[in-house]
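Just so it is clear, none of the values below were taken in a lab; they were calculated from the coordinates. Quick caveat, the model's predicted, so the values are computed rather than measured. Here the Cβ positions follow ideal geometry from the backbone for every residue, glycine too, while neighbour counts run over all protein chains shown.
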Amino acid sequence: MPAMPHAPLYIGGEWIDTDTHYEVRSPATEEVAGTLAKGTREHTERAVAAARAAFDQGTWRDTSPAHRAELLRQVADGLAQRADELARVQSRENGAPVRLAEAVHIGVSLLHLRYLADLADRYEFQRPGPLITPVLAAGAVHREPIGVCAAIVPWNVPLLASVWKIAPALAAGNTVVIKPDEQAPFTVVELVRECERAGLPPGVLNLVTGDGADVGAQLAEHPHVRKVAVTGCTSTGRDVMRRAAGNIKHVSLELGGKGPNIVLDDADLKAAVDGALFACFTYSGQACEAGTRLLLPDSLHDEFVERMIVRAKTLRLSDPLDHDTDLGPVISAQQRDRMLDQITQAQHEGARLALGGGIPAGPRFARGHWIEPTILTDVTSTMRIAQEEVFGPLLAVMRYRTVEEAIEIANGTRYGLSAGVWTANPQAGLDIAEKLEAGQVWINNWHVLPPQYPFGGCKQSGNGREGGPRAIDDYTEEKVVTIGLPSDSEAKSHSLLLGTQEP
Ligand code: NAD
């Protein structure tokens, strides 16, 4: 890739430029990291038409699952060969520390892509149903592709969010229109390029760009799109769901979170302190599954906070392209300012600033969107900071007296994506996990996303799951085909309409 990439759109197998472009700027330096074609409604219309024509033509859906699996594996191989380059692209565009980008943004995405490719090989696209005498001579349940699927992805984990949608969609024989976020599009563009290189037929995968409220909204309401999958914030999910109602689309939503992280009084303190920081501050808190509310028992509270502050001060906030960097910037000035406002508001409501809270000092931070890792204590459930997603490095510490109270606090938001428990007693962790409203609960861990497990949330964190062994279910329609047996009971059921008299 050239030093200053430019990404066009990809429609019907052709790369198409547009009259106007987005500038993608590094959040660390505000320098232009590349430019991106700015798609319009007309481009979206063309992309959906290309996807629909490719679906109707059937060249992709009629290939064998083994062929589709092999193509996806080739895509994974192509991306893997360029993993270092892609990690730097990722780091430049969304500010992820390059160590994290290598391991997670690219590494974990590739693990999931390979898993989903292999899944296509062993997925039951057709399963025999039981013989039901004397009514059915035979029956089968087919899993068929849905049609044109739209994938709308965010800037924070663009490749993983794309893989979770594109891989099962293509594995099932669908065609796709993907829309990346204009702040971090380039790893998604490279995924599309690798699909083209691997020989995906024209029109099967199309890429459009454009403003979410315009192009994204159009995809959500387009009558020829049969499924829309979105990773984004909860208000976007709500809007998409409303728009998708027009043609009763399949909708799957991976939305925001406010993960509660409960420390029990028997927890290994060192592990729990490190774990609490890892849960919240990884990628500067810009992970939907971050553990952003830390629930401490009264007995541990003061010592735990003190230890966390000491440990958090060792985090190195610096250039995301440097391998020694622990924390980079946040994505935009708007995000930084929003977090600063949230800190001020929380203090007005009675929270106490225990660490950070401002823009770091020094020439390195003169440009870019920097904010210190921040810890607020004395947070209570009724404060806005305990309820609102921040999407920045802000940990809200809350106290609890009993485990029942901790569970009540944990479940007391509109979100239900992630949660965690730190304890020396795994059974206690499991008992609490049963009562937590969340798509994933980590006991003595956080951010672990193996491809064999599905990911997603409940409540206003979304619906549906991505990845895991059932990932292809969400990109297929079930069709039941049965062959009847002439029999007494069938004759009886016909008689419900036709009466019992022969003509
Ligand atoms: P966002 O909702 O603003 O944008 C996400 C995508 O949706 C972008 O491509 C955007 O252009 C598009 N979009 C925006 N408005 C739209 C609309 N009205 N109709 C259709 N598309 C629209 O989200 P963001 O701020 O860029 O990303 C951060 C959010 O994503 C956070 O809330 C985070 O928790 C969430 N997220 C969730 C998961 C998950 O798996 N649950 C993963 C990553 C991020």
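Listing for the model above:
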item: Mean separation of Cα contacts under 8 Å (6+ apart) over length of the stretch 283-378, as relative contact order %; result: 25 percent
item: Alpha carbon convex hull of the stretch 172-216, volume per residue in cubic angstrom; result: 76 Å³
item: Around Val98: net Lys/Arg minus Asp/Glu count, Cβ-Cβ under 14 Å; result: -4
item: Relative contact order (%) - criterion: Cα under 8 Å, at least six apart; region: the chain; result: 18 percent
item: Ratio of Rg to Rh over the stretch 241-307 (Cα coordinates, Kirkwood Rh, two decimals); result: 1.24
item: q = 0.19 Å⁻¹: log10 I(q)/I(0) that the Debye formula gives for the stretch 337-422, counting C-alpha atoms only; result: -0.89
item: Low-density loop positions, trypsin sites (Lys or Arg not before Pro), the stretch 340-414 - DSSP coil, at most 12 other Cβ in 10 Å; result: Arg401
item: Spherically averaged projected area in nm², based on the convex hull that wraps the Cα atoms of the stretch 1-129; result: 10.5 nm²
item: Quarter of the Cα convex hull surface for the stretch 202-336, i.e. its orientation-mean projected area (nm²); result: 12.2 nm²
item: Kirkwood Rh, angstrom, the stretch 5-80 [1 / mean 1/r, Cα pairs]; result: 15.1 Å
item: Highest to lowest packing among 214-222, 95-103, scored as the average C-beta count within 10 Å; result: 95-103, 214-222
item: Cross-link pairs Lys227/Lys435; Lys270/Lys313; Lys249/Lys459 - those with Cα-Cα distance over 22 Å; result: Lys227/Lys435
item: Convex hull volume per residue for the chain, taking Cα atoms only, in Å³; result: 173 Å³
item: Rg followed by Dmax, in Å, when the stretch 260-341 is reduced to its Cα trace; result: 14.0, 41
item: Compactness of the stretch 361-503 as Cα Rg over 2.2 N^0.38 Å, two decimals; result: 1.82
item: Projected-area average for the stretch 109-184 over all orientations - Cα convex hull basis, square nanometres; result: 6.3 nm²
